[in-house]
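The values are calculated or read from the model by the stated rules, or taken from the named source; none is laboratory data. Just so it is clear, the structure is predicted and the values come from calculations on it, not from any experiment. Cβ coordinates were reconstructed from backbone atoms using ideal geometry, including for glycine residues, and neighbour counts include every protein chain displayed. When the accessible area is computed, the model is the full protein with side chains, heavy atoms only, and any ligands, DNA or RNA have been set aside. Shrake-Rupley method; radii C 1.70, N 1.55, O 1.52, S 1.80 Å.
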Amino acid sequence: MALADGLPKAADYNLAQRLIEIFNAAWVGHVRFQEEVIYPLLKRRLREEQCRSAALFDRQHKEIQFADDEVVDTLRMARSSEAASDALSYLLRLVAERRRDHIEAEQVLLLPVLPQMLTPIERKMYIEWAAANPLPFAGIGLDS
């Protein structure tokens, strides 16, 4: 949002470069965690109708990834031409809001059910998975 706030007049191209480097990596980590850890667990434990939120989140993951790719492409163009626009500001805000809304929905619909579903061995597997992946997954509280 800091970059969006300064556009188009006070574009921070160093910040734009940093966003290019990390923007997709953070989202890919989020999606990978759910696809490799959370969704298989939900499918084993919940009835089909209870897994609908996972399908909704999966669709949102794809939509947000598409928007993320657009942001990165637009950031690259702005960085190379040093010509940022109001459109980039709008796009950054839109994607940030979609990500925030998605994460908030997961916190309400997904995270409350996880602790009761995990067996001790699954908790151990989660801790090992989180330790082996570069992005932090703290805050879910499954390791206690």
**Message:** Starting from the Kirkwood Rh over alpha-carbon pairs, what translational D in µm² s⁻¹ does segment 1-83 have by Stokes-Einstein at 20 °C and 1.002 mPa s?
**Reply:** 146 µm²/s
**Request:** Sticking with the crude label model, points 7 Å out along Cα→Cβ, report the distance from GLN107 to ILE22 in nm, one decimal please.
**Result:** 1.9 nm
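Multiply the residue gap between PHE66 and ARG52 by 0.36 nm, knock off their C-alpha separation, and tell me the result in nm, one decimal place.
Numbers: separation 14, 0.36 × 14 = 5.04 nm, distance 2.16 nm.
Value of the extension gain: 2.9 nm.
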**Request:** Grab the beta carbon distance between MET77 and ARG100, set R0 = 35 Å, and tell me the FRET efficiency rounded to 0.05.
**Result:** 0.90
**Request:** Just add up the charged neighbours of VAL72: K/R +1, D/E -1, any other residue whose Cβ is under 13 Å from the Cβ of VAL72.
**Result:** -2
**Tilt relative to the chain, helix 86-109 - C-alpha long axis, 0 to 90 degrees, to 10** = 10 degrees
**Asked** Which of the following values of log10 I(q)/I(0) by the Debye sum over Cα atoms at q = 0.09, 0.16 Å⁻¹ was calculated from the structure shown: (i) -0.35, -0.88; (ii) -0.25, -0.84; (iii) -0.47, -0.84?
**Response** (i)
**Message:** Please compute the per residue accessible area over the chain with all protein chains in place, 1.4 Å probe, rounded to a whole number of Å².
**Reply:** 60 Å²
**Request:** Determine the relative contact order of the chain: mean sequence separation of Cα pairs under 8 Å and six or more apart, normalised by residue count, in whole percent.
**Result:** 33 percent
**Message:** Rounded to the nearest percent, how much of the accessible area of the chain (1.4 Å probe, protein heavy atoms only) is carbon and sulfur?
**Reply:** 57 percent
